Amino acid sequence: MDSPELDPEVATWLVSDDGLDAVVAADRELTGGADVLGVGTRLRAAGLDASRAAAVVGAALARDRARARWPDADQLVFTREGLEQASDPVVSAWRAERFASAGHLEDRAAGCGGDTLALAATGAAVTALDAAPGRLVLLRHNASVRGLRVETVVADALRYPAPTGAPVHADPGRRVDGRRVRRLAAHRPSVPALLTHLHAVRSGPGVAVVLGPGVDLDDPDLPPDAELEFVQVGSRLVEAVVWTGALRRPGVRTTASMLGEDGSGPPHTRSADERGARLPVGPIGEVLVEVAPAAVRARLHDRIGGEIGARRLAERRALLTTAGAPPPSPWYRARPIEAVLPARAEAVRRHLAAVDERPYELVLHGVEVDLGAFRRKLRGLSTGPGGRRVELVRTDGGAVALVTTDVLT
């Protein structure tokens with residue numbers, strides 16, 4: 001969630017012609033190599049007060065970072081905090097698809113409007129709520145850039161009355177003191193408090209609450225009648241979402257979704273009504289299978305592994321192994337195991353030195369080790385992607401080093 005310090009008067013000036021010109025100039029300086037302190041000093045020398053100068057610098061820094069994710073970043077205005085909270089646009093668009101049939105909906109804790117833009121693009125009439133009026137000034141500007149009409153209301157998400165007959169989308173703050181939160185109750189506002197406040201909507205039109213990706217299916221505040229979806233973009237696990245009421249897929253308890261980095265290609269989704277049978281632990285086979293993180297968090301890895309005859313490497317590890325190459329699938333990466341070694345740098349070095357000169361990557365799976373010290377003991381060997389991986393794995397019988405080669409699937 002964005003910081004509340006952005007004064008609405010400053011925000012209004014920031015999206016005016018003079019403010020936008022200042023952001024463009026500051027952005028040009030910063031991307032050209034100027035330091036932040038120097039740009040701020042120049043702005044104050046040009047007559048801006050400290051609050052406007054800080055807002056310009058923050059918006060310019062956010063714009064530069066937003067270019068990697070937002071195609072129209074040079075027209076949008078975010079604060080640094082607002083951009084950190086904003087979802088990847090690919091994910092926002094994916095989430096908005098479930099609201100496509102809604103004539104009207106609310107977006108609570110809307111911030112600068114990243115999710116609001118995707119929700120309004122479905123054609124629904126969107127009311128965006130946020131406790132800070134400065135954020136809503138930026139949201140209205142960003143909506144106008146996209147040609148979208150959004151109603152804004154300055155309101156606390158836990159106090160504004162629940163809508164009648166309309167679903168609610170909410171994106172609480174997922175960081176406290178700069179760290180991602182894991183418990184539903186630790187989000188801001190608290191997710192259980194938000195669902196209690198929206199009880200009339202929760203079982204009817206439905207509520208969607210965006211969460212940090214570290215939440216757990218065993219969280220005591222997760223409603224038993226809700227669907228918990230884990231979303232990854234490319235190989236990155238980015239968020240979880242609680243879906244209730246009509247927004248929930250019928251009978252679904254857990255879902256894993258995989259999206260392409262730029263939204264291209266078909267998405268992949270798997271759902272289950274309950275956790276499948278747990279795979280047995282067995283000996284290390286010929287292939288190491290690493291299930292997609294969204295599927296692991298959704299506890300679908302045992303189900304996926306059962307389909308390919310896999311077994312677990314350890315009771316508390318999601319890593320799987322098979323006797324032969326499994327069929328291609330977007331739900332896992334399979335790598336042939338070249339060697340099973342003691343988890344000691346000396347043993348690994350001897351093996352790598354005896355084979356070809358491809359680089360190696362060092363990957364940890366539950367093993368606590370000083371990576372720098374381990375790499376130093378592998379002196380003289382090149383590191384980098386595209387070669388072998390040295391996978392240090394904590395098994396039930398102790399740590400081992402698995403040397404794996406090219407990805408099969």
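Among 134-144, 177-187, 267-277, the peptide with the highest mean count of other Cβ atoms within 10 Å heads the list, and the full ranking is 134-144, 177-187, 267-277.
Ile284 contributes about 60 Å² of solvent-accessible surface, heavy atoms of the protein only, 1.4 Å probe. For the range 157-311, take the alpha-carbon Rg, divide it by the Kirkwood Rh, and send me Rg/Rh. Radius of gyration over Kirkwood radius for the range 157-311 works out to 1.02. The GluC sites (Glu not before Pro) of the range 209-242 include none that DSSP puts in a loop with a beta carbon having at most 16 other beta carbons within 10 Å.
Of all beta bridges that DSSP places with both ends in the chain, some 60 percent have antiparallel geometry. Of the residues Leu129, Ala298, Ala246, the one whose Cα sits farthest toward the positive end of the charge dipole of the chain, with +1 on the Cβ of Lys and Arg and -1 on the Cβ of Asp and Glu, is Ala298. By the helix-only formula, in which each DSSP H run with n ≥ 4 contributes -39500 (n - 2.57) and the sum is divided by residues, the chain has a 222 nm mean residue ellipticity of -8500 deg cm²/dmol. Karplus-based coupling profile of the range 109-124, in residue order and whole Hz: 6, 6, x, 7, x, x, 6, 4, 4, 5, 5, 5, 5, 6, x, 6, with θ = phi - 60° in 6.51 cos²θ - 1.76 cosθ + 1.60 and x standing for Gly or Pro.
Of the accessible area of the chain, with the probe set at 1.4 angstrom, what percent is carbon plus sulfur?
51 percent
In a fully extended conformation the segment linking Asp356 and Asp64 would gain 100.9 nm over its present Cα-Cα distance, using 0.36 nm per residue.
With everything on Cα atoms, drop me the angle between helix 133-145 and the longest principal axis of the chain, reported from 0 to 90° to the nearest 10. Orientation of helix 133-145: about 80 degrees from the principal axis. Annotation for Glu97 and Val369: the two label points, set 7 Å from Cα along the Cα-Cβ direction, are 4.0 nm apart. Projecting the Cα atoms of Gly33, Ala62, Gly19 onto the dipole axis of the range 16-86, where Lys and Arg carry +1 and Asp and Glu carry -1 at the beta carbon, places Gly33 farthest toward the positive end.
Counting only heavy atoms of the protein chains, get the accessible area per residue of the chain (1.4 Å probe) and round it to a whole Å² value.
The answer is 44 Å² per residue.
Report, to the nearest 10°, how far helix 17-31 tilts away from the longest principal axis of the Cα atoms in the chain, using its own Cα long axis and a range of 0 to 90°. With both axes taken from Cα atoms, the answer is about 30 degrees.
Which distance in Å, rounded to a whole number, links the C-alpha centroids of the range 40-75 and the range 143-167? Computed from Cα coordinates, the inter-centre distance equals 26 Å.
Charge dipole (Cα centre; +1 on Lys/Arg Cβ, -1 on Asp/Glu Cβ; no other charges) of the range 1-73 amounts to roughly 300 debye.
Sorted from longest to shortest, the spans of the Cα atoms of the range 85-133 along the three principal axes equal 29, 22, 12 Å.
What the Kirkwood sum gives for the range 132-194 is a hydrodynamic radius of 13.8 Å, with every pair of different alpha carbons counted.
Using a 1.4 angstrom probe on the protein heavy atoms only, could you order Arg95, Arg146 from most to least accessible area?
Output order, biggest surface exposure first: Arg146, Arg95.
Summary of packing: across the peptides 38-51, 318-331, 111-124, the per-residue average of other C-beta atoms within 10 Å ranks them, highest first, as 111-124, 318-331, 38-51.
By the Kirkwood approach, averaging reciprocal distances over each pair of separate Cα atoms, the range 84-171 gets a hydrodynamic radius of 12.6 Å. Farthest toward the positive end of the dipole of the chain, out of Ala50, Thr152, Leu119, is the Cα of Leu119, where the dipole comes from beta carbon charges about the Cα centre. Taking every DSSP beta bridge that has both ends in the range 116-233, the antiparallel portion is near 25%.
In order along the range 306-317, the Karplus-derived 3J(HN,Hα) couplings, from 6.51 cos²θ - 1.76 cosθ + 1.60 at θ = phi - 60°, round to x, 6, 10, x, 8, 9, 6, 7, 7, 4, 10, 10 Hz, and Gly and Pro are given as x.
For the range 1-154, the dipole from Cβ point charges (+1 on Lys and Arg, -1 on Asp and Glu) about the Cα centre works out to 260 debye, to the nearest 20. Relative to the longest principal axis of the Cα atoms of the chain, helix 50-66 runs at roughly 40 degrees. Rg over Rh for the chain works out to 1.03, using Cα positions for both radii and the Kirkwood form for Rh. In terms of its Cα atoms, the range 315-402 spans 36, 28, 19 Å along the principal axes, sorted from long to short.
The values are calculated or read from the model by the stated rules, or taken from the named source; none is laboratory data. If you're wondering where the values come from, they're calculated on a predicted model, not measured in any experiment. Positions of Cβ are generated from backbone atoms using ideal geometry, with glycine treated the same way; all protein chains shown enter the neighbour counts. Areas reflect the complete protein model, heavy atoms only, side chains present, ligands, DNA and RNA absent. Shrake-Rupley method; radii C 1.70, N 1.55, O 1.52, S 1.80 Å.
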